[in-house]
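Enquirer: Submitted below is the structure of interest, expressed as structure tokens.
Throughout, read-outs are computed from the coordinates displayed, never taken from laboratory work. Small disclaimer: the values here were computed from a predicted structure and weren't measured. Here the Cβ is made from the backbone with ideal geometry for all residues, glycine too, and neighbour counts use every protein chain on show.
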Amino acid sequence: MILKERIDRNKVPGHVAVIMDGNGRWANLMGKPRVFGHQSGVQSVREVVEAAGEIGVEYLTLYAFSTENWKRPAFEVNALMTLLVQTIRQEVNELVKKQVQLRSIGDISKLPSKSRKALKEGIAATAHNTGLKVVLALNYSAKWDMVQAAANLAREAASGKIDPESIDEHSFRSHLSTAQMPDVELMIRTSGEQRISNFLLWELAYAELFFSPKFWPEFRKQDFFEAILDFQGRERRFGKTGQQLKSMKIG
Ligand code: FPP
């Protein structure tokens with residue numbers, strides 16, 4: 001049976017996050033410049049967005065540019081920013097057709113104005129779509145997000161808007177840039193690397209992790225479905241024992 005048909009539609013993860021890794025290494029193996037790898041990675045983005053939409057994932061967060069990525073050569077940073085503009089402009093009609101809503105997390109005030117403009121236009125053009133929400137993590141890092149949440153809570157406490165004693169996991173979570181989104185249920189990283197790399201540290205607390213040996217430009221719809229099936233085969237205990245889970249299911 002084809003992979004997609006084996007997926008249990010009642011157990012599709014509500015939020016899938018992806019670290020799209022291996023563009024540079026893939027390009028080098030092909031004897032091409034690193035930027036060719038990023039350009040080729042756009043096709044994988046298309047496929048994963050399509051696949052996630054088809055099976056009813058609610059949120060798909062893609063790590064497109066981390067705060068650490070500014071340390072790359074200027075040429076590569078510029079190429080990534082240009083690719084972002086081109087891709088959004090090129091894909092926006094298709095996103096509307098598929099009812100995909102575009103969003104972003106991260107400090108986009110530091111992006112070049114052209115990239116920020118294209119992103120804002122893409123977000124506005126898809127704001128009323130009712131299907132899959134694709135969240136681009138841009139100039140994002142989880143530590144940055146937690147620090148800005150703490151700073152905002154501190155400001156609210158200092159101004160008397162909130163009582164510091166009232167700060168708890170719930171109020172902290174509501175100050176993260178992912179406040180409106182559920183926690184991640186499945187995190188996929190490509191290229192064989194097995195790290196979190198400062199991505200959604202809070203939201204990944206109970207996520208299942210799936211590491212694919214494929215480089216991002218090789219990652220296809222079928223690979224995404226395989227990750228979903230692997231997720232569905234796992235027992236998620238959230239700190240409980242397997243026995244407790246079984247009795248909950250029976251009871
Ligand atoms: C990691 O591979 C990839 C990135 C830092 C950029 C991801 C960007 C894209 C897939 C293209 C554009 C995406 C959108 C949403 C428009 P790497 O360069 O770190 O690979 P390496 O580890 O082999 O060097």
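Enquirer: Aspartates and glutamates within cross-link reach of LYS4: Cα-Cα under 20 Å, excluding same-chain residues under 8 positions apart?
Expert: GLU47, GLU50, GLU54, GLU58, GLU185, GLU208, GLU218, ASP223, GLU226, ASP230
Enquirer: A follow-up question, please. Give me D for the chain in µm² s⁻¹, whole number, from Stokes-Einstein with Rh from the Kirkwood sum over alpha-carbon pairs, 20 °C and 1.002 mPa s.
Expert: Estimated diffusion coefficient is 111 µm²/s.
Enquirer: Based on other C-beta atoms within 10 Å, arrange HIS170, HIS175 from fewest to most.
Expert: Exposure proxy ranking, most exposed first: HIS170, HIS175.
Enquirer: Separation between the THR130 and ALA74 pseudo-spin-labels, each 7 Å from Cα along Cα→Cβ, expressed in nm?
Expert: Once both label points are built, they end up 4.9 nm from each other.
Enquirer: Please state the charge dipole magnitude for the range 7-59, taken about the Cα centre, from unit charges on C-beta atoms (+1 on K and R, -1 on D and E), reported in debye and rounded to the nearest 20.
Expert: So the dipole magnitude of the range 7-59 works out to roughly 280 debye.
Enquirer: Another question, then. Of the listed pairs LYS71/LYS110; LYS32/LYS143; LYS143/LYS214; LYS32/LYS133; LYS11/LYS221; LYS221/LYS246, which have alpha-carbon separations greater than 25 Å here?
Expert: Beyond 25 Å: LYS32/LYS143; LYS143/LYS214; LYS32/LYS133; LYS221/LYS246.
Enquirer: Got the relative contact order for the range 94-170 handy, in percent, Cα pairs under 8 Å and 6 or more residues apart?
Expert: Across the range 94-170, relative contact order equals 36 percent.
Enquirer: To the nearest 20 Debye, how big is the dipole of the range 18-175 about its Cα centre, given +1 on the beta carbon of each Lys and Arg and -1 on that of each Asp and Glu?
Expert: Using only the charged Cβ atoms, the result is roughly 760 debye.
Enquirer: Amide H neighbours of PHE210 under 5 Å, at least 5 residues apart or on other chains, H built in the peptide plane: list them.
Expert: Amide H neighbours of PHE210: MET187, ILE188, ARG189.
Enquirer: List the residues whose amide H sits under 5 Å from the amide H of HIS175, counting only those 5 or more places along or on another chain, with H placed 1.01 Å from N in the peptide plane.
Expert: Hits under the 5 Å cutoff: none.
Enquirer: Here is a further query. Give the relative contact order (percent, whole number) for the chain; include only Cα pairs under 8 Å separated by 6+ residues.
Expert: The value is 28 percent.
Enquirer: Most exposed first by the Cβ proxy, i.e. fewest other Cβ within 10 Å, how do ARG173, ARG189 rank?
Expert: ARG173, ARG189
Enquirer: How high is the FRET efficiency between GLN244 and PHE211 when r is their beta carbon distance and R₀ equals 25 Å, given to the nearest 0.05?
Expert: Once rounded, the FRET efficiency stands at 0.35.
Enquirer: Using a Förster radius of 25 Å, what is the FRET efficiency between LEU3 and LYS110 based on their Cβ-Cβ separation? Nearest 0.05, please.
Expert: Efficiency for this residue pair is about 0.05.
Enquirer: Rounded to the nearest Å, what's the spacing between the alpha carbon centres of the range 210-251 and the range 40-85? Just the number, please.
Expert: With the range 210-251 and the range 40-85 each reduced to a Cα centre, they are spaced 23 Å.
Enquirer: Moving on to the next point. With Cβ to Cβ distances under 12 Å as the rule, what net charge do the other residues near MET81 carry (K, R +1; D, E -1)?
Expert: Net charge around MET81: +4.
Enquirer: In addition: Among ALA154, ALA137, PHE172, whose Cα sits farthest toward the positive end of the charge dipole of the range 115-199 (+1 at Cβ of Lys/Arg, -1 at Cβ of Asp/Glu, about the Cα centre)?
Expert: ALA137
Enquirer: I want to verify a result. In a Gaussian network model of the chain, Cα cutoff 10 Å, which of these has the top mean-square fluctuation: GLY233, GLY22, GLY106?
Expert: GLY233
Enquirer: If you don't mind, another one. Going Cα to Cα from LYS161, which aspartates and glutamates come in below 17 Å? Please leave out same-chain ones fewer than 8 positions away.
Expert: Straight-line reach from LYS161, under 17 Å: no aspartates and glutamates qualify.
Enquirer: Once amide H atoms are placed 1.01 Å from N in the peptide plane, what residues at a sequence separation of 5 or more from ALA64, or on another chain, have their amide H within under 5 Å of its amide H?
Expert: Residues meeting the criterion, in which the H sits 1.01 Å from N, are ALA137.
Enquirer: Can you give the longest run of the chain that contains no GluC sites (Glu not before Pro) sitting in a DSSP loop with at most 16 other Cβ atoms inside 10 Å?
Expert: In short, 59-192.
Enquirer: Let's see if you can work this out: charge +1 on each Lys and Arg Cβ, -1 on each Asp and Glu Cβ, no other charges. What is the dipole magnitude of the range 149-251 about its Cα centre, in debye to the nearest 20?
Expert: 300
Enquirer: Would you compute, from DSSP H runs of 4+ residues alone, the mean residue ellipticity of the chain at 222 nm, taking -39500 (n - 2.57) per run and dividing by the full residue count, rounded to the nearest 500?
Expert: Only helices count here, giving -14500 deg cm²/dmol.
Enquirer: Give the aspartates and glutamates whose C-alpha is closer than 17 Å to that of LYS117, dropping any in the same chain fewer than 8 places away, or say none.
Expert: GLU91, ASP107
Enquirer: Could I ask something else about it? Across 5 Å bins from 0, what is the distribution of all Cα-Cα pair distances for the range 175-250, in whole percents?
Expert: For the range 175-250, the binned pair fractions read 3, 13, 19, 19, 19, 14, 8, 3, 1 percent.
Enquirer: Quick one: work out Rg over Rh on the C-alpha atoms of the range 29-149, Rh as Kirkwood radius.
Expert: Using only Cα positions, Rg/Rh for the range 29-149 is 0.96.
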